[in-house]
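First up is the structure itself, then whatever we jot down about it.
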């Protein structure tokens, strides 16, 4: 942005120029009229006809030196330096199993969720949807009747900007209880996400320690019974609910929402197959195992590493900004504009820019403190 600064000391003006990688030209007309004015600073100037001004206009020999002169800069290069903000492009709704079998893993999982969300919520909009939603206290069992299969109608924390404090508060109040009504929970997640579009790419991260149940419409005579101790007689909620879960995940994928499956603990072969099939239906190829509590954080990080987090930033230009007069920095390094998108940055639209190549890798790795823009100097282009 080309700004007009008047009556600046030369040191201030030079600092403004150098901060943006520009310096005043040797041509005293290149950046406006930068010739000294006789404002009482002791520099002899000439009259219009080339003569010396009358003696009473000349300062004495001990006057303040040239460093104190006022200079007029009609245009100064690089006088505005602003930080830029990530242009969020992804939402992640964490659908969290809090069933009775999560007793040993729920607290380590909470810690991992809090760490990941806190580290990434400036780049991703997170939401949280624990299930089952509400269970009578003191009535939890590994395989539970329909009264312990309640499902949430919507996320407890809806996806949005900077949700880390809200998610931490929600997690602090979540305990174990109930069964695993995965299918109906995911169906409700799909309905919510469809009703509240953000313009971002949406993902569901299903975190569970077992296979789904809680479908009262199943035939207990023919279903795969998950209760090996008491059986499923007159208790279809204890049956494996795989088909309905696949259908719910298919519905999410059809709506453009991929589903990741993070599976906690160790599983029998049939459970492993169901969990993997859920991930395949979700468009993510395979489930992500965390077989012990020590691997929960690294597994979570592995999933988040595949979520689309772009190197896109909101430029927030002012109304007078010239798009050919801006330079972008990653940390202290000037990054040239690269229209070929190999190693540099380029415009996505007039308000948005994206970094490519090693500079993007540096940003994604979190190795820089800030990305910022300096306005007013000609854009450096590869």
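The values are calculated or read from the model by the stated rules, or taken from the named source; none is laboratory data. Note that the structure is a prediction, hence the values are computed from the model and not measured. We place every Cβ from the backbone using ideal geometry, glycine too, and count neighbours over all the protein chains shown.
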Options 279, 294: the member that is crowded, with 20+ Cβ neighbours inside 10 Å, assigned by TED's automatic domain parsing to the domain that holds residue 251 and over 30 Å from residue 379 (Cα atoms)
279
Can you pull out every residue in the range 240-274 that is at pLDDT below 95 and either touching a helix residue (DSSP H, G or I) at 6+ places or on another chain (Cβ under 6 Å) or surrounded by 20 or more Cβ atoms within 10 Å (Cβ to Cβ) (or both)?
263, 264
Number of the exception - residue 204 against (1) modelled with pLDDT of 95 or more; (2) closer than 29 Å to residue 107 by Cβ; (3) surrounded by fewer than 23 Cβ atoms within 10 Å (Cβ to Cβ)
(3)
Exactly one of these conditions fails for residue 221: (1) modelled with pLDDT of 95 or more; (2) buried (at least 24 other Cβ atoms within 10 Å of the Cβ). Give me its number.
(2)
Inspect the range 251-259 for any residue being outside any strand (DSSP E or B), over 31 Å from the mean Cα position of the chain (by Cα) and on the phi > 0 side of the Ramachandran plot and give the result as yes or no.
no
Restricting to the range 219-247, and then to whatever is within 41 Å of the chain's Cα centre (by Cα) and without any contact (Cβ under 8 Å) to a residue 40 or more places away in the chain, can you tell me which residue is nearest to residue 187 (Cα to Cα)?
246
Select the strands (runs of 3 or more DSSP E) contained entirely in the range 85-178, then report the ones holding at least 1 residues which are touching a strand residue (DSSP E or B) at 6+ places or on another chain (Cβ under 6 Å), crowded, with 19+ Cβ neighbours inside 10 Å and at pLDDT below 95.
90-97, 124-131
Do we find a residue being over 23 Å from the mean Cα position of the chain (by Cα) and either surrounded by fewer than 17 Cβ atoms within 10 Å (Cβ to Cβ) or part of a loop (DSSP other than H, G, I, E, B) (or both) anywhere in the range 354-368?
no
Could you please find all residues in the range 330-350 being surrounded by 13 or more Cβ atoms within 10 Å (Cβ to Cβ) and assigned to a loop (DSSP other than H, G, I, E, B)?
331, 336, 338, 341, 343
Quick count over the range 285-317, residues being at pLDDT 85 or above, more than 24 Å from residue 226 (Cβ to Cβ), assigned to a loop (DSSP other than H, G, I, E, B) and touching a strand residue (DSSP E or B) at 6+ places or on another chain (Cβ under 7 Å), is 2
Given the structure, is residue 243 over 30 Å from residue 108 (Cβ atoms) and out of contact with any strand residue (DSSP E or B) (no Cβ under 9 Å at 6 or more places or on another chain)?
yes
